[in-house]
Amino acid sequence: MTTASKITLARVALIPVYMLLMYLSGGQAGPMMWAALALFIFASATDFVDGYIARKYGQVSDFGKFLDPLADKLLTIAAMTMFCEWGDMPAWALMLVLTREFAVTGLRLVAVGKGKVIAAGKSGKFKTASTMIGLCVWMAFPEVTVIATIVMWVIV
């Protein structure tokens, strides 16, 4: 397994810790939310790091092409799930995001079945980055409903 893939797996392993911190924050600004935000930023940054390492050191692999976008989806959906649990994000919005993500992943699996791997394109990378940045802003200001609304619409 490559270093890049190990970093991606570490991002996945951080998700339960992130969710615990979010849960303990109760959706309110304070030490637990700040800790969750810091962990989310760190985990999000590993998305850049693993891609950089994979390209620079020739560690691009089919496994990494599949796992990296999946790790991103799991991380962002974890955050949205917590906001949904607190009533800050409507379930229909989360369902739209989940439907889109399952559809994209399903298409990737069909391609894999035909011997092709579809790596994330520029539009997908932009979507992921804007989602991660938006969720960071939402976590930084969890009680500002206008921010929550704007971020939710950007994500959807």
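The values are calculated or read from the model by the stated rules, or taken from the named source; none is laboratory data. Predicted, not measured: the structure shown is a model, and the values here were computed from it. A quick note on method: Cβ atoms are made from the backbone with ideal geometry, for glycine too, and the neighbour counts reach across all protein chains shown. For the accessible areas, the whole protein counts, side chains as well, though only heavy atoms, and no ligand, DNA or RNA atoms are used. Shrake-Rupley method; radii C 1.70, N 1.55, O 1.52, S 1.80 Å.
Residue pairs whose Cβ atoms lie under 8 Å apart, separated by 6 or more positions or on different chains, with the first residue in segment 66-93 and on the phi > 0 side of the Ramachandran plot and the second among the aromatic types (Phe, Trp, Tyr), do not occur.
Looking at this structure, is SER123 more than 12 Å from the chain's Cα centre (by Cα), part of a helix (DSSP H, G or I) and closer than 29 Å to ARG55 by Cα?
Numbers: more than 12 Å from the chain's Cα centre (by Cα): yes; part of a helix (DSSP H, G or I): yes; closer than 29 Å to ARG55 by Cα: yes.
Judged against the criteria, SER123 is a match.
Residue-by-condition table, conditions (1) without any contact (Cβ under 8 Å) to a residue 12 or more places away in the chain; (2) more than 18 Å from GLU85 (Cα to Cα):
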{"position": "ALA29", "(1), (2)": "no, no"}
{"position": "MET32", "(1), (2)": "yes, no"}
{"position": "ASP50", "(1), (2)": "no, yes"}
{"position": "ARG55", "(1), (2)": "yes, yes"}
{"position": "SER61", "(1), (2)": "no, yes"}
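Looking only at residues in segment 128-153 that are surrounded by 15 or more Cβ atoms within 10 Å (Cβ to Cβ) and among the β-branched types (Val, Ile, Thr), the one that is farthest from ALA45 (Cα to Cα) is ILE147. Exactly one residue among PHE83, PHE40, PHE63, PHE48 is part of a helix (DSSP H, G or I) and more than 30 Å from VAL146 (Cα to Cα), and that residue is PHE63. The residues in segment 10-27 that are in contact (Cβ under 8 Å) with a residue 60 or more places away in the chain and under 24 Å from GLY58 (Cα atoms) can be counted, and the count is 2.
Within the set ILE133, ILE147, the sole residue that is assigned to a helix (DSSP H, G or I) and within 11 Å of the chain's Cα centre (by Cα) turns out to be ILE133.
For segment 67-117, a tally of residues being closer than 16 Å to VAL12 by Cβ and open to solvent by less than 70 Å² (accessible area, probe 1.4 Å) returns 15.
How many residues are of a type in the set (A, V, I, L, M, F, W, C), open to solvent by 40 Å² or more (accessible area, probe 1.4 Å) and modelled with pLDDT of 95 or more when one looks only at segment 15-34?
Result for segment 15-34: 6.
Inclusion of ALA10 among residues that are touching a Ser or Thr at 6+ places or on another chain (Cβ under 7 Å), modelled with pLDDT of 90 or more and open to solvent by 40 Å² or more (accessible area, probe 1.4 Å) is warranted.
Among ALA10, ALA29, which is the only one that is in a helix (DSSP H, G or I) and among the hydrophobic types (A, V, I, L, M, F, W, C)? First the steps, then the outcome.
Working: ALA29 fails: in a helix (DSSP H, G or I).
Within the list ALA10, ALA29, the selection yields ALA10.
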